[in-house]
1. Between residues in the range 348-370 that are within 20 Å of residue 338 (Cα to Cα) and residues that are modelled with pLDDT of 90 or more and in a loop (DSSP other than H, G, I, E, B), which pairs lie under 9 Å by C-beta distance while being six or more apart or on different chains?
2. When you scan the range 166-268 for helices (runs of 4 or more DSSP H) that lie fully inside it, which ones turn up with 1 or more residues that are more than 23 Å from residue 126 (Cβ to Cβ)?
3. Going by what's in this entry, would residue 169 be described as among the small types (Gly, Ala, Ser), open to solvent by 20 Å² or more (accessible area, probe 1.4 Å) and farther than 30 Å from residue 261 by Cβ?
4. Restricting the search to the range 386-409, which residues are over 16 Å from residue 370 (Cβ atoms) and open to solvent by 10 Å² or more (accessible area, probe 1.4 Å)?
5. Scanning for something open to solvent by 50 Å² or more (accessible area, probe 1.4 Å), modelled with pLDDT under 80 and either over 26 Å from residue 364 (Cβ atoms) or not acidic (Asp, Glu) (or both), does the range 446-453 turn up at least one residue?
6. Quick one: count up the residues across the range 285-294 that are part of a helix (DSSP H, G or I) and crowded, with 17+ Cβ neighbours inside 10 Å.
7. Working only within the range 208-240, note down all residues that are touching a residue at least 60 places away in the same chain (Cβ under 8 Å) and open to solvent by 50 Å² or more (accessible area, probe 1.4 Å).
8. Filter the range 366-385 for residues that are open to solvent by less than 10 Å² (accessible area, probe 1.4 Å) and closer than 13 Å to residue 403 by Cβ and give the result.
Amino acid sequence: MAELHKDFLFILIKSLTTSEKRQFRLYVNRLGINVDAKFLLLFSEMDKMNEYDESIILTKKISTKQQLSNLKAHLYKQILVSLRLNPSHQNYRIQLREQLDFANILYQKGLYKQALKILDKTKQSALELDEKTIASEIIDLEKVIESQFITRSIEGRADELIRQSKEVSTQNHYATELSNLSLKLYSEMLTHGYVKNDEDRAEIMDIFNAKIQKINFKKLNFTEKLWYFKAHVWKNQLLQEYKYTLKYAFQWVDLFHKNPEMIVSHPVWYIKGNTYLLKILFLYGNIDILENSFRQFNETVRSSSFAQNENLQSLIFLTYYNTLMNIHFVKGEFFSGSKLIPEIELKMEKLRDKIDEHHFMILYLKVAAMFFGSKKFEESVQYSLKIIESKGNVQEDLLFHTRILIFMAKYESGNDEDYDDFIKATLKFVKKMKKPDEFHFESVAFFKNLNDVMPDRRLESFKKFDTKLELFAGNEYYRRSLLYIDIHGWVKSKVRNVDVIEIIKEKVRYKRRD
């Protein structure tokens, strides 16, 4: 299946619905001159394929080897044009840009008043939707027309355009600064992970303060406030300051609830805001608030007014199933949670080309953890191996904790056939990590020692490691490490000789009393 992920045209064709394929054929045949067009023959042939095979195209003489690249590029463009015309893909941004295009056409034909009328109406819509980039383009065209032709359309027109131009420019500047900061922090989180020492913290704070101190929150509109909250969420996630992550994730989502029309305009960021809110509520372990927020999210995204497309479906899938599994984890409901796995696997396969590798690996880890909790240790190891054997760009922390889960599963199953080799491979992996710390080395040493000591001495090993984990839990830089896989809960269950589910249930009862 390797070729499937390399050929963008093939992936695009396979993503089309039956109605989209029908519309494409109607679109290319609309003038009756494209019935035998080579790009349409190429489309039909590729549509029949289960896997992309260039040799079939060449054998059927649809194209020569030399012409195929250009033919595929032409077909790709024609499909996109057809999709743009499809009502299901129409949204307010496309409609605004379409009106701007119409105004440009009228301007080029010398119909200046008609162009200005469209521009003024479209500008008002853009400003109401807080689409300042499009509004700026509209104002620029208005200025071009007004500066070339004496329209006398509105008294004081020049002053009005200058005022609007300055206001939009200021807001765009704020949005640019905040979006750049948010992207930088998000990049830091993906590439380097969470801060692990005071030096890391100082570096993040320098990046953050250099931008945020220039921002006056009172002057921000919806979009700038959205970026402002995003930047704070990602900064506090990096610093592992979950109290403030929760605060700004809530403000992010609440901003939409206070401006419900913007949920329709920015559905992706509504989903993303809920993703972070639901994740941080899971880390806090407050099941009541988590379930209430999850219920509100589901009601919103399933409402008739919420936009529907493939991208949104994949984002909703990730948020929905990650949260659903998290709720089962918090409650210790591993056996009922594991019943979701066939359903998740089926949906994952359908959405494979629409979800990045990192998010797939997070789902794999949760599935592996769910199998572990439901005593299916072999299945847990099999899913975990999919992560560490992945050739994609996966976070070091995720890879390390997947290895910890494998150690736990191997211990529980008693399958230690390649245990020593896995210890060596994991130690080698830790040494190659960008910033390995004491927790990583102590964890590997614990599992190595656990396999070496006699069975009657293992309780002592668990007690010693439990004491070390208590110290790690009190250190703000190790806090996140204990949240990926609940190794501390597992170790405590061995010390107390109870099922790990009992430890989890105690935590939930404690949170509910709070």
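The values are calculated or read from the model by the stated rules, or taken from the named source; none is laboratory data. All figures in this text were calculated on a predicted structure; none of them were measured in a lab. Methodologically, a virtual Cβ is constructed for each residue, glycine included, from the backbone with ideal geometry; neighbour enumeration extends over all protein chains shown. In case anyone asks, the SASA skips ligands and DNA or RNA and just uses the protein heavy atoms, side chains included. Shrake-Rupley method; radii C 1.70, N 1.55, O 1.52, S 1.80 Å.
1. 370/376
2. Numbers: elements: 198-212, 222-238, 242-258, 261-265.
Output list reads 198-212, 222-238, 242-258.
3. no
4. Passing the criteria: 388, 389, 390, 391, 392, 393, 394, 395, 396, 397, 399, 403.
5. First pass over the range 446-453, keeping only residues open to solvent by 50 Å² or more (accessible area, probe 1.4 Å): 448-449, 452.
Going one step further and asking which of them are modelled with pLDDT under 80, we end up with none.
Within the range 446-453, none of the residues are open to solvent by 50 Å² or more (accessible area, probe 1.4 Å), modelled with pLDDT under 80 and either over 26 Å from residue 364 (Cβ atoms) or not acidic (Asp, Glu) (or both).
6. At the first step, the residues of the range 285-294 found to be part of a helix (DSSP H, G or I) are 287-294.
Now narrow it down to the ones that are crowded, with 17+ Cβ neighbours inside 10 Å: 287, 290, 293-294.
The number of residues fulfilling the criteria is 4.
7. 221
8. Our first condition is that a residue be open to solvent by less than 10 Å² (accessible area, probe 1.4 Å); within the range 366-385, this holds for 367-368, 370, 373-374, 380, 384.
Selection gives 368, 380, 384.
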